[in-house]
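First up is the structure itself, then whatever we jot down about it.
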């Protein structure tokens, strides 16, 4: 065993240092399975002090390392490139403090998003950001990726709910960002906001202070089906134009509805509908009746075929069932599913969907859409057989064009999944070399030796180097041709 | 799927291998199974999660694993509780992948050492043979009466954790087997004109003979004729989990024959029920698949048929804890609760995570005492918070595990099989 | 236009910012509307770069609820333009928008609504050496690239010059009503604040003014549907009043103002540290300002806060003393200094 590994074992014991190359295969990738890389080792620290001690050792040895939570990232963020060591934070799952009066909690990074809400539920509080993977994904991962979710339209992303953090910097020293009482010293820049979304390249947050929200008095969920996607999108526009701020505004297109209805997630969505729109209102009972009437008016005005409403948890769950199961249902359509993530201004939703359909038709790929309509955050899904090289290539090409379309319409190449390794090639659709250089400089302040999660979030300066190192998707093609 | 007429064949064909590999591809690596997995909950290690294990098994099938012994511990630590299957949005057949892979590993590189030998020997030569199992229990009871267990623990011949886990061996009367053959409803009970066959399994009889007697009594009191086939055998589940599908197939085939005439095969052990419902996969025969469709858990059967005999009053606060192989393995969740709700006086309390594994998992608590102990401790913690006097669960392994942990924690609550509460007043 | 030095450059377009920074040597102090200059440390001989004429609203997309403004657009100008669209920029602060974000008057945990941090979606900016760059996006959700634009918030214009801001807007509430509860003692003020904070939809503004005499006023604004506003006011017995929100405390004659952060539950601790005649303005969410009668009282308070590990800084008073603060977390300080050194290596932006 190399001396570094021996030192790590001395620090954490042999059960929390994994070095068997075969076992390490399990850490080869996250939810984005195209890019794979086996780490040199995995360590499982349990405290800030242990993370510091581990990072100091790695810093001294100049060995790169990658923080990892539950590995549900969809862009390759926690994949260990180039023989890096994974600092797995799954054992750091303590809720350190719950402050009821001041409505914040301090948690270790491995605390699962939904577990935090479960821990404060009896106080009538919850943690608002709810990515679809919330039963699995960790607060540390959410903080690193600035995760979103269906309730972002009203409640914002992770960044809007993080008050501060203790961060182990890539040399093993500690920095305290923000505080439970607001952000920071007046006159100092907002480092908590900057750290949030840095995709694990600035350091390892070991204690995170998040805002808790008071549970709303009433929740009403409405599901309307429409004969056309246009009508569904216009309903969203009308609802927003009326000044309403629903907690969620989600649309599923016809292909998704059919896939859902043909799967175990059958939710009773009308199969002939071209689109369904899920609207969730929450707030004080005295105001909600009025708001619900306005949503119903918008549904009626746009010729909704059918509208269902639920206020009790069981029925609300039923209306959400198809939406929550959409990706699972899509996953069953073929061997592989490419979940895209792009954003357009909400006013460009219709144009974007038409463009996406055209791109799908051009490349002959099976394309469906589930999206956070309120935020203009699209998730076009392409079901394909990764073992078929031609199909895979068409999928990649369609994905690339869809992201370009989003940018052309004034949007972004990622609303919530991050750049990771997946979108390094797309980065320049949004930013030029100067923008990139500024971001690289900012990263170098935190992570001067580029030891912490190297090769993520920002493409390297020479544009073609990335595709050479990570032939997008080809890893999967080669693997499946070789072994299937 | 390889269809083999020789049920003693332990080697599935190459196409079965490919089938297992294809099933690993169903996993899209989303990770939604992680919080459902008891070992990942305790260890926080990716390779000790369903997603990680599937990934390792897939890598093994792809020939990317250099030393299969290196991944074996992660597979061995799996409880096979199937909670991941419930959580999986992609419908991955985790249990089948695991069992096939373990069988393949065991066949290619059988585990050596005294412990592995003992496990194989005990499972196949004792547990799977009713007469020997009965004899062993008789011996154990004798030894206990003579104080040998105390002595063995003192002399450290019996590891302390095992001594703690092993409950006192029941008396001969408790261990008395059911009379084989046909049983009729007693006089005064309106017959339903329906006959069911009762599966009795291996460990339930010597450990919890009263559960079998209660099952028989409830079925008869509710107007059913009950056949107890003499030729039936152990279900083979423990062998399948230990990577010994060959011997398991022999047992399965014997059971298919023994119950050939039955329309409905009722069992009161979730683990057995789950294994028997998977005979189609295990045997790969039409007979096996047909047998599987006849199997019912006792709660599933009674809830569907409806109780005609009101159970005896039981003024107790109880919690129902779902056995993994009933809720995740067979999707039976509402039925036991529905039946227990009909017990006069019984108050059913809710406790946290009733569907989480208790750590019993067949002989897991003997093979992985430390992990099983931690998982058991968490179960007791959740039960203790509910403030109950009685724990109800429908699987012998779970009954043993929960009982031993309750005793270890000094908790006063006792453990019963739900069927025991459905017995009408005498 | 008045200027503290005779060296003042007024730019008329965004491109001129880059030209000015490239062409003129020496240190530069940014100036928007000028309303906060007296709260910054003295700039010495720096050239003042006056951005007040970069005042056009570049893009206002009502249905998308976003806009792009030049940094010199004044708050009231934007509010006027937003009103017909039924929209607002839901954060406190006046002056120019560049100045508003750079000074971040209330902080990231602004209570009862989004903070400036979450309203700033992206920006066009210029580095101290005149290099233009972009960060963020125009859309409400984007996680592409590092959020360098968030560094503007609270930077006091010392890291880069943000010339254009992409902002998120929100629907203006249907109704809103200010309330004020004067004459409360400490305990009752605290109890009222904490009760209101626990409302599922809390007041959009909530603050405590405490006079040196210990006399407290809890005041704020409730916004939303009329039925809700009335209900909330009624349930808590809040007395309606004319708009009375206050962002900052004026410096008393001969005295100074210290800004800091503290949670509501720690307010009694803060109260105990305050000398007589110290006025306090505390915003729900944490940021507070204390007006102190003398420099000696200021130093005493800073020392006492430092002993508790609390953050505070002298923001208003004698220009030579401005910027004094309690010791900072060394790690945070290191990153802050590092960012300054890398974005503005010659320390030109002061």
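Does the range B:204-218 hold any residues that are in contact (Cβ under 8 Å) with a residue 60 or more places away in the chain and farther than 22 Å from residue B:363 by Cα, and which are they?
Residues of the range B:204-218 that are in contact (Cβ under 8 Å) with a residue 60 or more places away in the chain, as a first pass: B:204-208, B:210-211, B:214-215, B:217-218.
Of everything in the range B:204-218, those that are in contact (Cβ under 8 Å) with a residue 60 or more places away in the chain and farther than 22 Å from residue B:363 by Cα turn out to be B:214, B:215, B:217, B:218.
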Quick one: how many residues across the range A:19-34 are more than 10 Å from chain B (Cβ to nearest Cβ) and within 18 Å of residue A:201 (Cα to Cα)?
0
Test set (1) away from chain C (no Cβ under 14 Å); (2) buried (at least 22 other Cβ atoms within 10 Å of the Cβ); (3) not in a helix (DSSP H, G or I) - residue A:378 fails condition number
(1)
Criterion violated by residue C:277 - all others in (1) at pLDDT below 90; (2) closer than 30 Å to residue A:441 by Cβ; (3) more than 14 Å from every other protein chain (Cβ to nearest Cβ) satisfied:
(2)
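Within the range A:206-213, is there a residue that is over 24 Å from the mean Cα position of the chain (by Cα) and either on the phi < 0 side of the Ramachandran plot or assigned by TED's automatic domain parsing to the domain that holds residue A:110 (or both)?
no
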Within the range B:170-213, tally of residues that are at positive phi and touching a strand residue (DSSP E or B) at 6+ places or on another chain (Cβ under 9 Å):
3
Counting only strands (runs of 3 or more DSSP E) entirely within the range A:244-320, those with at least 1 residues that are within 14 Å of chain C (Cβ to nearest Cβ) are A:248-253, A:275-283
Check off (1) within 12 Å of chain A (Cβ to nearest Cβ); (2) out of contact with any strand residue (DSSP E or B) (no Cβ under 9 Å at 6 or more places or on another chain); (3) surrounded by fewer than 19 Cβ atoms within 10 Å (Cβ to Cβ); (4) modelled with pLDDT of 90 or more for residue C:346 and give me the number that stays unchecked.
(1)
Please verify whether residue A:14 is at pLDDT below 95 and buried (at least 24 other Cβ atoms within 10 Å of the Cβ), treating the condition exactly as stated.
no
Residue within the range C:115-123 that is surrounded by fewer than 19 Cβ atoms within 10 Å (Cβ to Cβ), more than 27 Å from residue C:17 (Cα to Cα), touching a residue at least 24 places away in the same chain (Cβ under 8 Å) and more than 7 Å from chain A (Cβ to nearest Cβ) present
no
Kindly indicate whether residue C:195 is more than 21 Å from residue A:152 (Cα to Cα), surrounded by 21 or more Cβ atoms within 10 Å (Cβ to Cβ) and more than 7 Å from chain A (Cβ to nearest Cβ).
no
Of the listed residues (B:388, B:375, B:402), the one being crowded, with 20+ Cβ neighbours inside 10 Å, over 23 Å from residue B:272 (Cα atoms), touching a residue at least 60 places away in the same chain (Cβ under 8 Å) and not assigned by TED's automatic domain parsing to the domain that holds residue B:80 is B:388
Taking the range A:399-455 only, how many residues are within 9 Å of chain C (Cβ to nearest Cβ), in a loop (DSSP other than H, G, I, E, B) and within 22 Å of the chain's Cα centre (by Cα)?
12
Within the range A:140-159, is even one residue without any contact (Cβ under 8 Å) to a residue 24 or more places away in the chain and either more than 16 Å from residue A:418 (Cβ to Cβ) or at the interface with chain C (Cβ under 9 Å from one of its Cβ atoms) (or both)?
no
Which condition number does residue C:138 fail, the rest of (1) out of contact with any helix residue (DSSP H, G or I) (no Cβ under 9 Å at 6 or more places or on another chain); (2) in contact (Cβ under 8 Å) with a residue 24 or more places away in the chain; (3) within 12 Å of chain A (Cβ to nearest Cβ); (4) surrounded by fewer than 20 Cβ atoms within 10 Å (Cβ to Cβ) being met?
(4)
Here are some conditions: (1) within 15 Å of residue C:256 (Cα to Cα); (2) away from every other protein chain (no Cβ under 13 Å); (3) at pLDDT 90 or above. Residue C:302 meets all but one. Which one does it not meet?
(2)
From the set of residues in the range A:161-191 that are at pLDDT 90 or above and at the interface with chain C (Cβ under 7 Å from one of its Cβ atoms), which is surrounded by the fewest Cβ atoms within 10 Å (Cβ to Cβ)?
A:173
Restricted to the range A:1-18, and to residues that are within 13 Å of chain B (Cβ to nearest Cβ) and in contact with a strand residue (DSSP E or B) (Cβ under 7 Å, 6 or more places away or on another chain), which residue is nearest to residue A:384 (Cα to Cα)?
A:18
Tell me, which strands (runs of 3 or more DSSP E) wholly within the range A:53-116 include 1 or more residues that are surrounded by fewer than 24 Cβ atoms within 10 Å (Cβ to Cβ) and out of contact with any strand residue (DSSP E or B) (no Cβ under 9 Å at 6 or more places or on another chain)?
none
Can you name every residue in the range A:193-212 that is at the interface with another protein chain (Cβ under 8 Å from one of its Cβ atoms) and more than 11 Å from residue A:447 (Cβ to Cβ)?
A:193, A:194, A:196, A:197, A:211
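Just one of C:252, C:293 is buried (at least 16 other Cβ atoms within 10 Å of the Cβ) and in contact with a strand residue (DSSP E or B) (Cβ under 8 Å, 6 or more places away or on another chain); which is it?
Result: C:252 is the single residue among C:252, C:293 that is buried (at least 16 other Cβ atoms within 10 Å of the Cβ) and in contact with a strand residue (DSSP E or B) (Cβ under 8 Å, 6 or more places away or on another chain).
Mind listing whichever residues of the range A:37-46 are more than 7 Å from chain B (Cβ to nearest Cβ), in a loop (DSSP other than H, G, I, E, B) and in contact with a helix residue (DSSP H, G or I) (Cβ under 6 Å, 6 or more places away or on another chain)?
If the condition is that a residue be more than 7 Å from chain B (Cβ to nearest Cβ), in a loop (DSSP other than H, G, I, E, B) and in contact with a helix residue (DSSP H, G or I) (Cβ under 6 Å, 6 or more places away or on another chain), then A:38, A:39, A:45 are the ones that fit.
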From (1) farther than 23 Å from residue A:246 by Cα; (2) more than 7 Å from chain A (Cβ to nearest Cβ); (3) modelled with pLDDT of 95 or more, pick out the condition that doesn't hold for residue C:148.
(2)
Of everything in the range B:21-40 that's more than 9 Å from every other protein chain (Cβ to nearest Cβ) and within 23 Å of the chain's Cα centre (by Cα), which residue is surrounded by the most Cβ atoms within 10 Å (Cβ to Cβ)?
B:38
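The values are calculated or read from the model by the stated rules, or taken from the named source; none is laboratory data. None of the values given here were measured: they were computed from a predicted structure. Neighbour counts are summed over all protein chains in view; Cβ atoms, including those assigned to glycine, are modelled from backbone coordinates with ideal geometry.
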